[in-house]
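Let me begin by presenting the structure, written as structure tokens, before commenting on it.
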Amino acid sequence: MQASHNELGALSLTSQRGIWPLQQALARRWCGTAESGAWVLAGDAAHNVHPLAGQGLNLGLGDVAELVQVLSTRPYWRSVGDMRLLRAYERARKADFALIGNTGDAIQQLFANPNPALQTLRNWGMNQFGHNGPLKHWITQRAMGKAHTTPPPRKVSP
Ligand SMILES: Cc1cc2nc3c(=O)[nH]c(=O)nc-3n(C[C@H](O)[C@H](O)[C@H](O)COP(=O)(O)OP(=O)(O)OC[C@H]3O[C@@H](n4cnc5c(N)ncnc54)[C@H](O)[C@@H]3O)c2cc1C
């Protein structure tokens, strides 16, 4: 109530409060088969990242885009539950997660470390990064899920 300045009215607990750490997590397997058929994970069910970089939703949407791409371009004779397809999806998305998730995790750990020498090095590194246009552009494009977009067509003068 205090945090929301009473905007939400009177709040009370309806169950025991659950607490869990905000941290990176990755499901070992993202697809498989059960008695009822094939299953596949996407979004937070497959991975969690520390919320500091605001990338959780983007990663989940990236999963959906990749899954749609893999399934909609499959050969007619493969079913949507074909493990080759679902594993290709898993591999592609785990590669993106490795970059975005691990970068966010490293930044979080770097900022959480109280060592003054590390803090100086961190500030220097962030400064260098801020001044490195191409690297900054590449990272932000990846973070926005634009890694696979094709460049816009070149303008041809008449
Ligand atoms: C504090 C915090 C801040 C964040 N800030 C950002 C941010 O700034 N930007 C950003 O992009 N991301 C942010 N995220 C991450 C983002 O919220 C998640 O990545 C995103 O919501 C995941 O979407 P999802 O659909 O995969 O899972 P969820 O949003 O968790 O949806 C899963 C749904 O399934 C339901 N469910 C669970 N179990 C069952 C069941 N057995 N049967 C039926 N339904 C079930 C749940 O009730 C829920 O509605 C933040 C996360 C946290 C915790």
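Structure summary
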{"read-out": "Residue, farthest from the ligand (Cβ to nearest atom), within the range 24-37, restricted to residues that are among the polar types (S, T, N, Q) and loosely packed, with under 12 Cβ neighbours inside 10 Å", "value": "T33"}
{"read-out": "Lone qualifier among Y76, Y89 - being aromatic (F, W, Y) and either buried (at least 16 other Cβ atoms within 10 Å of the Cβ) or touching a Leu at 6+ places or on another chain (Cβ under 8 Å) (or both)", "value": "Y89"}
{"read-out": "Hits in the range 95-145 (condition: surrounded by 11 or more Cβ atoms within 10 Å (Cβ to Cβ), of a type outside the set (G, A, S) and not in a helix (DSSP H, G or I))", "value": "N113, N132, M144"}
{"read-out": "Residues within the range 1-33 that are under 22 Å from K94 (Cα atoms) and either outside any loop (DSSP other than H, G, I, E, B) or of a type in the set (S, T, N, Q) (or both), tallied", "value": "7"}
{"read-out": "Subset of the range 76-112 (residues that are of a type in the set (D, E, K, R) and more than 22 Å from Q24 (Cα to Cα))", "value": "R78, D82, R84"}
{"read-out": "Selected residue (criterion: farthest from the ligand (Cβ to nearest atom)) from residues of the range 38-66 that are buried (at least 21 other Cβ atoms within 10 Å of the Cβ) and assigned to a helix (DSSP H, G or I)", "value": "G62"}
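Values in this text are rule-based calculations from the coordinates and carry no lab data. Since the model is a prediction, treat every value here as computed from it, not as a measurement. With ideal geometry, Cβ positions are generated from the backbone for all residues, glycine too; neighbour counts draw on all protein chains shown.
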